[in-house]
Amino acid sequence: MTRPMTSRFAVRAVLFDLDGTLADTAPDLGGAVNRLRERRGLDALPIELLRPVASSGARGMLGVGFSIRPGDDGYDALRDEFLAEYESALDRDSRLFDGVAECLAALQARGLRWGVVTNKAQRFTGPVVAGLGLAEGASVVIAGDTTPHAKPHPAPLLEACARLGIAPGEAVYVGDDLRDIEAARAAGMPGIAAAYGYLGESPDLAAWRPDAVIATPLDLLPLLDAAGR
């Protein structure tokens with residue numbers, strides 16, 4: 001789905017979600033789930049089945065992989081096992097989506113800063129960002145435990161803007177999940193939906209009410225004007 005846009009956003013920075021927006025991390029998340037399944041004598045699941053819930057982390061992966069939810073008996077122990085397994089091989093097969101590297105280079109060429117705001121905990125975020133080659137270019141990286149609240153709460157986006165020294169309205173946030181658009185709205189910045197991403201459990205993008213929808217990372221560029229130019 002794409003939405004033709006007539007408006008442009010005058011910004012000083014662009015903030016991105018990580019999983020499903022900048023990078024396809026589902027192969028490594030799914031690999032961790034499948035290794036847990038194999039230990040229990042279960043067949044591996046195809047990544048295509050796991051990919052849609054990759055943005056939901058352990059909750060989404062274990063929900064599909066084991067039909068278990070937070071609060072169920074055994075969930076906490078299985079979550080901890082999953083996270084340890086993921087941490088042991090979290091940058092093996094994860095890759096930037098096609099067009100992301102070119103998009104980020106174009107933003108920098110325009111004098112726009114960019115950063116990462118993810119719900120992934122810092123113990124995973126740091127290595128993944130570094131492994132994807134994003135650490136040097138990112139002006140700010142906010143993990144899921146950087147602030148007391150995770151998305152859809154606006155706190156992570158507001159913290160990113162504070163570290164950049166800009167007002168929330170001077171940034172846009174790009175994400176592939178409903179909570180990303182909700183967080184942007186609550187923070188007072190435009191929210192752009194990445195239709196090429198995982199889309200989570202609510203893939204009806206029109207219902208999200210984003211300020212724009214992009215079909216590829218490079219579709220972001222025509223929507224942006226540098227503030228003050």
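The values are calculated or read from the model by the stated rules, or taken from the named source; none is laboratory data. Treat the numbers as computed from the prediction; the structure is a model and nothing was measured. All Cβ positions, even for glycine, are placed from backbone atoms using ideal geometry, and neighbour counts span all protein chains on display.
General remarks:
- Among the residues of segment 205-213, some residue qualifies, meaning at least one is in the same structural domain as residue 20 (by TED's automatic domain parsing) and part of a strand (DSSP E or B).
- Entry remark, segment 175-194: residues being charged (D, E, K, R) and assigned to a loop (DSSP other than H, G, I, E, B) number 2 in total.
- Some residue of segment 24-32 being crowded, with 20+ Cβ neighbours inside 10 Å, under 25 Å from residue 202 (Cβ atoms), among the acidic types (Asp, Glu) and in contact (Cβ under 8 Å) with a residue 24 or more places away in the chain: yes
- In the set (1) touching a Pro at 6+ places or on another chain (Cβ under 8 Å); (2) surrounded by 14 or more Cβ atoms within 10 Å (Cβ to Cβ), residue 8 fails one condition alone, (2).
- Single residue of segment 155-167 satisfying the filter (out of contact with any Pro (no Cβ under 8 Å at 6 or more places or on another chain) and surrounded by 16 or more Cβ atoms within 10 Å (Cβ to Cβ)) that is nearest to residue 199 (Cα to Cα): 156
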